[in-house]
Amino acid sequence: MFELYADAARLPLRTTANVHTKREVVVQSCLSVEAGIRSALRIVALSPSVLSSSYVEEMYYAWLEDPRSVHESWDAYFRNAQASSPVGEAEERRPSMLLQGRAMSQTPAMSLKVVEDHLAVHNLIRAYQIRGHHVAQLDPLGILTADIDSFVPSDLITTIDKLVTPDDASQTLGFYGLDESDLDKTFQLPSTTFIGGHETTLPLREIIHRLETSYCGHIGMEFMFINNVEQCQWIRQKFETPGIMKFTDREKRTLLARLVRSTRFEDFLARKWSSEKRFGLEGCEVLIPALKMIIDRSSAAGIESVIIGMPHRGRLNVLANVVRKDLDQIFCQFDPKLEAADEGSGDVKYHLGMYHERINRETDKNITLSLMANPSHLEAVDPVVQGKTKAEQFYRGDTEGKKVMSILMHGDAAFAGQGVVYETFHLSELPSYTTLGTIHVVVNNQIGFTTDPRMARSSPYPTDVARVVNAPIFHVNADDPEAVMYVCRVAAEWRSTFNKDVVIDLVCYRRFGHNEMDEPMFTQPLMYKQIRKQEHVLKKYADKLISEGVVTLQEFEEEVAKYDKICEEAYTASKDEKILHIRHWLDSPWPNFFTAEGEPKCMSYPPTGLTDEVLKHIGEAASSVPLQDFSIHSGVSRILRGRADMVSKRTVDWALGEYMAFGSLLKDGIHVRLSGQDVERGTFSHRHHVLHDQEVDKRFCIPLNHLSPDQAPYTVCNSSLSEYGVLGFELGFAMASPNALVCWEAQFGDFHNTAQCIIDQFISSGQAKWVRNNGIVLLLPHGMEGMGPEHSSARPERFLQMSKDDPDRYPEFTGDFEVQQLYDCNWIVVNCSTPANYFHVLRRQILLPFRKPLIIFTPKSLLRLPEARSSFDEMTTGTKFRRIIPDEGPASKNPGKVKRVIFCTGKVYYELAKERKQLKLEDTVAVVRLEQISPFPFDLIKAEVELYDNAEMIWCQEEHKNMGYYDYVRPRFLTVLSNKKPVWYVGRDPAAAPATGNKFTHLAELKRFMDTAFDLSAFEGRSF
């Protein structure tokens, strides 16, 4: 670089512009890098002749023509030289004389100092952009800093009295090699700042002042970690441009009116129900106008639907003043005498959701708002909201995120502490999961329940998790409503412009405890002493606008009285409500799927069989490559040939049966989505729904999307290595429409336990709490095959324990008993033993007139077991899902001779059948497969028990006794038997772990319970 600079300085001087340009480009290419500048100037110091008068004159003429054509250091040099000349002298003297004289009057060291001072100022500007947020005035209480580091970066020259003394400021100037005499010197501003507005140079004192205004006021910004220059420049322009944060009088009055509603709503609830938990918004009342600003700006940009997720704090206020739930419907929730309609168990008022379509008053456009119901498990709703947002974008064809968006609200402690936040962020940029930008709003109380931030997180801010996806983070003092509004405006514009996530950190406080009944002085006495003295933000802002003449005191008081009257009238009307209808709080309605009363339009069993022609057509698609010149792997080619062979023989294995189910639904216009870890190929390399060209990188083919021209699209997507976040996402996707089969497959069945919160709080109980139907399908590979304790059991006992059917009540068989059972249950649990039954249960799931979650324990070894294949005859028109598969061998032909009936489910059937055949007990022992475990098929089990009336009843399972199905099926069998006959257990002994890690032990356990299963004297003499 040194030689390059020297060569540039020695170029022959010519007057032609192109030579000059070439020379200047070479010089600038060296000077553009700070290290290059310093190195080059050291050469200048060694060789003064470099600064020849001709060269300086040439630089000067170029600068006169266009100051941007020379390096920033020359620009500043000429400006200072011209400014220091007497008036008129610059015009009279030749440029070469002026500059040569000035240049020759300076030593090389002085020239070096000029440029180094400019570099120092540039570094100072960058320091504020990077670290200014550390000294921003973010805490409304004035006693804490929003970041727990509580330090002032040594490279910031701030005049905030409480943080830095004048001596400290001088010391910081020295850090840059500057002193107080430089404060009034003019410096050229770099292109990476907008603090100059239309000015390109500013005195250092003014530079510091404007940087403080932009970065050290009530807004603190973290964005310099973003690795996109355009995005960083966009943010700088939005916050650094002088005077940009302006509001019209109309906008200020609108903000005040929204603050009135937010504040007076909480005041009204506090007056009427002082002893009720409501998790009010006091201390962050600005959240309501903040959300409305985001929605207003998004609506103006074309957004038609907003899906919102939030915790319980402030939910009632959001329902009332953002979503616009009728106030009387909210107030009646506080009535302890209000009876619940027979729609489920319901939920507390601050967990409920709402769906509402209305006109946005600011834009005069239609907008749909959906606030998702959610449990107390903080942040669990995050991926659910994202999934529903993705689904709405998908169904609307919104591939750019211009019509549908999501807003997620968080608490500070949960945002930092809950791992699902990180999982959800990591879905934000994935092709099959991105919602093209979410606006996150953190209500930062600066405290958890009772836990201080220093004990609740290791990161400086609660929002630091957002940095992993390059999301800008805007911290803002919530007691400055206009600052909050501006940040929200910018956040909405950011999302609209870049389709990326953004975080707004509302640094506020919690006026009361965790809830209104809690005493926070126990644990945070100093904070709450200050809070009790804190003036309400509404009064502060009203006083400000009154002093500015924007509103009068009378106008303000009238606005308050107007909203108070609305609340009182709604309160009076709420007393007329006698019954609480949960469906009035539904967050995801399905228009035209149910009747107006929310009931199924019919209760008949749907036909699930297909014609041979359709089966053959789908089979041919499953065994071929629809694209020309597509080179597939030889192993995949062998699999496709095997499928073609099966189709020709009218049989299917497990993968082909699934293909038939998916393909038939797609042909009928039903969208199918399969998501999970490695689902495209399948954990066990059996599926291969995505074919990869072996010769062309990133070229792939999905044959299921080539069935017919008018088919529905098929989405199959490998997920990130997440269960909690991805299952929540798919649940949300399934929530958007009943006309889609949405499946989530665990890599191994027991991996669902890291998503247990979604299963417990949403899937199992969602309909009972929120009248929310959902047809999500969980595919959980399950089976004891010697793979160790972590890859064996899908924990069926957990799902069965949460199934709500009564084990001790024998149901009445009226109407279509099978359909009525399915309608009454909270979910369906099956363990299919044949591909045909798997095919039927998938089709039944989408053809039923209602939706229930479906839990399927899928096989591993059965995927390739020749005996575990089905004929087309079991899938053709007239066939359907078989809740049980009776014994169809010799035992069923002469039931009177049967001495033992073994009931089982899943893979163990094939081991039992093999053992029975070897022992030649096929006419003595019947084996009945229970395919649908819950709801329990009482009617069919009763028929089997009566058929083998003289036989001994056995339940056999491969799982340990304290796991699996036994504790669920035993009391139901006894109910069928009227408690007159035992059901003996055969299987593995109780254990702590789901399976052994030793292959020998595994096989020994299997042999032991197989011997017991076929030892007809094993239970002789035992009492019931």
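The values are calculated or read from the model by the stated rules, or taken from the named source; none is laboratory data. No experiment lies behind these values; they were computed from the predicted model shown. Please note: Cβ atoms are built from the backbone with ideal geometry, for glycine as well, and neighbour counts cover all protein chains shown. SASA here: full protein model, heavy atoms, side chains in, ligands and nucleic acids out. Shrake-Rupley method; radii C 1.70, N 1.55, O 1.52, S 1.80 Å.
Close Cβ contacts (under 7 Å, 6 or more residues apart or on different chains) running from residues in segment 722-733 that are farther than 16 Å from Pro375 by Cβ to residues that are part of a helix (DSSP H, G or I) and aromatic (Phe, Trp, Tyr) comprise Glu723/Phe751. Please work out which residue is modelled with the highest pLDDT, limiting yourself to segment 317-363 and to residues that are of a type in the set (Val, Ile, Thr) and in a loop (DSSP other than H, G, I, E, B). The extreme case among them is Thr363.
If the condition is being buried (at least 22 other Cβ atoms within 10 Å of the Cβ), under 34 Å from the mean Cα position of the chain (by Cα) and of a type outside the set (A, V, I, L, M), then segment 796-843 contributes Pro796, Phe799, Trp827, Asn831, Cys832, Tyr838, Phe839, His840, Arg843. In segment 105-135, the qualifying residues are those that are surrounded by fewer than 18 Cβ atoms within 10 Å (Cβ to Cβ) and polar (S, T, N, Q), and the one that is modelled with the lowest pLDDT is Ser105. Among the residues of segment 433-447, those identified as touching a strand residue (DSSP E or B) at 6+ places or on another chain (Cβ under 9 Å) and either among the polar types (S, T, N, Q) or in a helix (DSSP H, G or I) (or both) are Thr435, Thr438, Asn444, Asn445, Gln446.
Summed over segment 988-1008, residues that are more than 42 Å from the chain's Cα centre (by Cα) and buried (at least 20 other Cβ atoms within 10 Å of the Cβ) total 1.
Would you pick out the residues in segment 291-316 that are of a type in the set (A, V, I, L, M), within 15 Å of Glu357 (Cα to Cα) and part of a helix (DSSP H, G or I)? Result: Ile295, single match.
Within segment 685-739, the set of residues being under 26 Å from Ile632 (Cβ atoms), assigned to a helix (DSSP H, G or I) and open to solvent by less than 10 Å² (accessible area, probe 1.4 Å) comprises Pro703, Leu704.
Restricted to segment 754-795, and to residues that are of a type in the set (Gly, Ala, Ser) and within 29 Å of Arg864 (Cβ to Cβ), which residue is most open to solvent (accessible area, probe 1.4 Å)? Walk me through it before giving the result.
As a first pass, look at segment 754-795 and keep what is of a type in the set (Gly, Ala, Ser): 755, 764-766, 768, 775, 783, 786, 788, 792-794.
Pick out the ones that are also within 29 Å of Arg864 (Cβ to Cβ) and you get 755, 783, 786, 788, 792-794.
Values: Ala755: 0, Gly783: 0, Gly786: 26, Gly788: 7, Ser792: 1, Ser793: 4, Ala794: 0 Å².
Ranking the qualifying residues of segment 754-795, first place goes to Gly786.
Mind checking whether some residue in segment 949-970 is on the phi > 0 side of the Ramachandran plot, surrounded by 19 or more Cβ atoms within 10 Å (Cβ to Cβ) and either aliphatic (A, V, I, L, M) or under 47 Å from the mean Cα position of the chain (by Cα) (or both)? Yes, some residue in segment 949-970 is on the phi > 0 side of the Ramachandran plot, surrounded by 19 or more Cβ atoms within 10 Å (Cβ to Cβ) and either aliphatic (A, V, I, L, M) or under 47 Å from the mean Cα position of the chain (by Cα) (or both).
Of all residues in segment 199-216, those satisfying the criterion of being farther than 13 Å from Gln129 by Cα and either small (Gly, Ala, Ser) or over 41 Å from the mean Cα position of the chain (by Cα) (or both) are Glu199, Thr200, Thr201, Leu202, Pro203, Leu204, Arg205, Glu206.
The set of residues from segment 859-885 being open to solvent by less than 10 Å² (accessible area, probe 1.4 Å) and either under 30 Å from the mean Cα position of the chain (by Cα) or of a type in the set (S, T, N, Q) (or both) comprises just one member, Ser870.
Among the conditions (1) crowded, with 24+ Cβ neighbours inside 10 Å; (2) free of Cβ contacts under 8 Å to residues at least 40 places away in the same chain, the only one that His356 does not satisfy is (1). Restricting Asp629, Asp668, Asp653, Asp645 to those that are among the charged types (D, E, K, R), within 33 Å of the chain's Cα centre (by Cα) and open to solvent by 10 Å² or more (accessible area, probe 1.4 Å) reduces the list to Asp668. Within segment 429-463, the set of residues being open to solvent by 10 Å² or more (accessible area, probe 1.4 Å) and of a type in the set (Ser, Thr, Tyr) comprises Ser432, Thr434, Thr450, Thr451, Ser458, Ser459.
Exactly one residue out of Lys769, Lys698 is of a type in the set (Lys, Arg), out of contact with any Asp or Glu (no Cβ under 9 Å at 6 or more places or on another chain) and over 21 Å from Phe662 (Cβ atoms), and it is Lys698. Taking the stated definitions as given, is Phe194 closer than 19 Å to Trp494 by Cβ and touching a Lys or Arg at 6+ places or on another chain (Cβ under 6 Å)? Answer is yes for this residue.
Conditions tested, residue by residue: (1) open to solvent by 10 Å² or more (accessible area, probe 1.4 Å); (2) in contact with a Lys or Arg (Cβ under 8 Å, 6 or more places away or on another chain); (3) of a type in the set (Ser, Thr, Tyr); (4) closer than 19 Å to Asp480 by Cβ.
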{"site": "Leu281", "(1), (2), (3), (4)": "no, yes, no, yes"}
{"site": "Ile288", "(1), (2), (3), (4)": "no, yes, no, yes"}
{"site": "Val306", "(1), (2), (3), (4)": "no, no, no, no"}
{"site": "Leu327", "(1), (2), (3), (4)": "yes, no, no, no"}
{"site": "Gln333", "(1), (2), (3), (4)": "yes, yes, no, no"}
{"site": "Glu339", "(1), (2), (3), (4)": "yes, yes, no, no"}
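Given the condition open to solvent by less than 20 Å² (accessible area, probe 1.4 Å), β-branched (Val, Ile, Thr) and in a helix (DSSP H, G or I), answer yes or no: does some residue in segment 569-578 qualify? Reasoning before the result, please.
Step one: filter segment 569-578 for residues open to solvent by less than 20 Å² (accessible area, probe 1.4 Å), giving 570, 574.
Now narrow it down to the ones that are β-branched (Val, Ile, Thr): none.
No; the residues of segment 569-578 include none that is open to solvent by less than 20 Å² (accessible area, probe 1.4 Å), β-branched (Val, Ile, Thr) and in a helix (DSSP H, G or I).
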